[in-house]
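Structure, as structure tokens:
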Amino acid sequence: MNQYAYNGPVMEFGKCIANNWAGSTYAASEKKAKSNLAYQFKKNNNRMPASKITLPGELMVIN
């Protein structure tokens, strides 16, 4: 597994709710990493599980 880091905007239902959020996770793929980070954002910011969180920025792989 690789460690992925994200530093960028967070969108909820197409609207920007955070300009510069940072998070990191371990995952087997970039898709799973984005899913983990979206879940992490929801938990840390008291969002409903059904809210559609997207991370439009780039993920960085940390070795």
Next item on the list: Round to the nearest 10 and give me the degree value, 0 to 90, for the angle of helix 30-44's Cα axis relative to the longest principal axis of the chain.
Entry: 50
Next item on the list: Averaging sequence separations of C-alpha pairs under 8 Å and six or more residues apart, then dividing by the length of the chain, give the relative contact order as a whole percent.
Entry: 46
Next item on the list: For segment 8-55, give the magnitude of the charge dipole about the Cα centre (Cβ charges: +1 Lys/Arg, -1 Asp/Glu; no others), in debye to the nearest 20.
Entry: 140
Item checked: Listed residues A27, A50, A18, most fluctuating in the chain (Gaussian network, C-alpha, under 10 Å) -> A50
Item checked: Alpha-carbon Debye profile of segment 2-62, log10 I(q)/I(0) at 0.29 Å⁻¹ -> -1.33
Item checked: Accessible carbon and sulfur surface of segment 2-62 relative to its total accessible area, %, 1.4 Å -> 51
Note to self: Quick check: net charge around G57, other residues with Cβ under 14 Å of its Cβ, Lys/Arg +1 and Asp/Glu -1?
What the structure shows: -1
Checklist line | Among N20, P56, F41 - extreme Cα towards positive end, dipole of segment 2-62, charges at beta-carbon | finding: F41
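Would you calculate, for the chain, the mean residue ellipticity at 222 nm contributed by helices, counting each DSSP H stretch of 4 or more residues as -39,500 (n - 2.57) and dividing by all residues, to the nearest 500?
One gets -8000 deg cm²/dmol as the mean residue ellipticity at 222 nm.
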Checklist line | Highest-MSF residue in the chain out of S51, S24, S35 [GNM, Cα springs under 10 Å] | finding: S51
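The values are calculated or read from the model by the stated rules, or taken from the named source; none is laboratory data. Note that the coordinates shown come from a computational prediction; the quantities given were computed from them, not determined experimentally. Neighbour counts run over all protein chains shown; Cβ positions are idealised from the backbone, glycine included. Please note that ligands, DNA and RNA were not included when accessible areas were found on the heavy atoms of the full protein model with its side chains. Shrake-Rupley method; radii C 1.70, N 1.55, O 1.52, S 1.80 Å.
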